[in-house]
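The structure appears right after this line, and notes come after that.
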Amino acid sequence: MKKLFIAAFMFVSTFTSNLLADGHAIKMGVILGFTGPIESLTPAMAASAELAFKEASDSGALLGGKTISVERADSTCVDSAAATSAAEGLISGGVVAIMGADCSGVTGAIASNVAVPKGVVMISPSATSPGLTTLDDNGYFFRTAPSDARGGQILADITKDRGVKSVAITYTNNDYGKGLADVYEAAVKAHGIKVTTVAAHEDGKADYAAEVATLASAGGDAIAVIGYLDQGGKGIIQGSLDSGAFDTFILSDGMIGDSLTDSFGKALNKSFGSIPGSTGKGAGVFSKVAKAAGIDSSGPYTGESYDAAALITLAMQAGGKADRAAVQKNVMSVANAPGTKIYPGQLKKALDLLAKGKAVNYEGATGVEFTEVGEAFGSFLEKEIKGGKFKTKKQR
């Protein structure tokens, strides 16, 4: 993963430096948790978004030949004050739009406190809290990831299909964790599954023995861990395996990534979960496009990141100018039908069509289709761990 990050960073740094020498460069922001509880996921997410920006730049078709320069900022995933400050830096620096943020709490804080008041579009690839559906955003916030209102139901359906009869639930104590836990709890109960306990955990602790002891005393066939793979969620699993409290883990999207299986391997072989994703045409095309650019697209939210960046570039083209209002006005029209379907690697085709005044329907890597409030309907991938590695069982 470190080698991948270094390669992606060098690619982006070179790309950005070359463009900054070009007076025509359009500034775009990418804000993700490069430090914090999902830091192992964000390098591939950022590289995927920057791949779309580079594709549009290299096409020669963006607004008569303009190019994009990318400026990164760290959301931390969990520190709203730091994330807001980072976003303020991007916006004061003149970015036209922001790809990000990632985690739901910091995403809502940036949108409410900075982006919406300043009239800057944000397209998040991974903020899934149901609370963001009703965000007072004046049409400036979008997300290519579906809401946990559906994600929690899908995870509950998988739990039922796996034959789990009773479950303990622990969640990271923030907007993402609480929102998803509430949905999941109600959905598993509706399936007739007993919920033995629901308990929050705090990230950033060195030891989770006390939390695991409380969960273990309640019992359950399995424990649902709704959290982050590089933080408290990982600690809960470590404590459970060390004590023998649980050996089957039901994993939320924030828990799915190679760093988890790298740590625990075959000890997780009974475990499963779900993440937004697709096995459709766009997913296969994106995998090839990303591989050609040296990007591992197998991790969570890489396709959603590419799609978020692509939508920003197409919205600019549809509006005929590189300004914030043009992006805001045109995101919905390029995301949904009618129009020519566009897949990864076809941004030049889309830009050419838009330049001629023709409509496009961006399908992208994830089968993009926005609801009336600008969030993805989305599909999900059922994940299981076999041989100490995450495998995709099927699309839900």
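Quick check on segment 344-380: of everything there that is in a helix (DSSP H, G or I) and among the small types (Gly, Ala, Ser), which residue is nearest to the chain's Cα centre (by Cα)? Among those residues, the one meeting the criterion is ALA350.
Pick from segment 149-163 the residues that are over 18 Å from ILE256 (Cβ atoms) and of a type outside the set (D, E, K, R): which of them is nearest to the chain's Cα centre (by Cα)? Write out each step before concluding.
Residues of segment 149-163 over 18 Å from ILE256 (Cβ atoms): 149, 160, 163.
With of a type outside the set (D, E, K, R) added as a condition, the list becomes 149, 163.
Working: ALA149: 15, GLY163: 29 Å.
Taking the candidates together, the pick is ALA149.
Looking across segment 146-183, the residues that are of a type in the set (Gly, Ala, Ser), buried (at least 19 other Cβ atoms within 10 Å of the Cβ) and within 25 Å of THR366 (Cβ to Cβ) come down to SER147, GLY151, GLY152, ALA156, GLY177, GLY179, ALA181.
Being among the acidic types (Asp, Glu) and assigned to a loop (DSSP other than H, G, I, E, B) is the filter; apply it to segment 16-61 and report the residue that is modelled with the highest pLDDT. The selected residue is GLU39.
Among the residues of segment 165-174, is any touching a helix residue (DSSP H, G or I) at 6+ places or on another chain (Cβ under 9 Å) and among the basic types (Lys, Arg)? Taking every residue of segment 165-174 in turn, none turns out to be touching a helix residue (DSSP H, G or I) at 6+ places or on another chain (Cβ under 9 Å) and among the basic types (Lys, Arg).
Of the residues examined, ALA359 is one that is under 23 Å from TYR140 (Cβ atoms), small (Gly, Ala, Ser) and surrounded by fewer than 20 Cβ atoms within 10 Å (Cβ to Cβ). From the list THR159, THR133, THR170, the lone residue that is more than 28 Å from SER217 (Cα to Cα) and of a type in the set (Ser, Thr, Tyr) is THR133. Looking across segment 343-396 at every residue that is in contact with a Leu (Cβ under 8 Å, 6 or more places away or on another chain) and of a type in the set (A, V, I, L, M), the one that is farthest from LYS321 (Cα to Cα) is identified as ILE385. Of the set (1) closer than 21 Å to GLY257 by Cα; (2) in contact with a strand residue (DSSP E or B) (Cβ under 8 Å, 6 or more places away or on another chain); (3) not in a strand (DSSP E or B), all apply to GLY220 but (1).
How about segment 314-331: which of its residues are crowded, with 21+ Cβ neighbours inside 10 Å and part of a loop (DSSP other than H, G, I, E, B)? Correct list: ALA322 only.
Would you confirm whether or not segment 334-356 contains a residue that is surrounded by fewer than 22 Cβ atoms within 10 Å (Cβ to Cβ) and within 23 Å of SER129 (Cα to Cα)? So far as segment 334-356 goes, yes, one or more of its residues are surrounded by fewer than 22 Cβ atoms within 10 Å (Cβ to Cβ) and within 23 Å of SER129 (Cα to Cα).
Residues of segment 78-102 being outside any helix (DSSP H, G or I), touching a strand residue (DSSP E or B) at 6+ places or on another chain (Cβ under 8 Å) and of a type in the set (A, V, I, L, M, F, W, C), which ones? Explain how you work it out, then say what you get.
Narrowing segment 78-102 to residues outside any helix (DSSP H, G or I): 78-79, 93-102.
Checking the rest, the ones that are also touching a strand residue (DSSP E or B) at 6+ places or on another chain (Cβ under 8 Å) come to 93-102.
The answer is VAL95, VAL96, ALA97, ILE98, MET99, ALA101.
The values are calculated or read from the model by the stated rules, or taken from the named source; none is laboratory data. Every value quoted in this text rests on a predicted model; they were computed, and no experiment measured them. Counting neighbours? That spans all protein chains shown, and the Cβs are built from the backbone with ideal geometry, glycine included.
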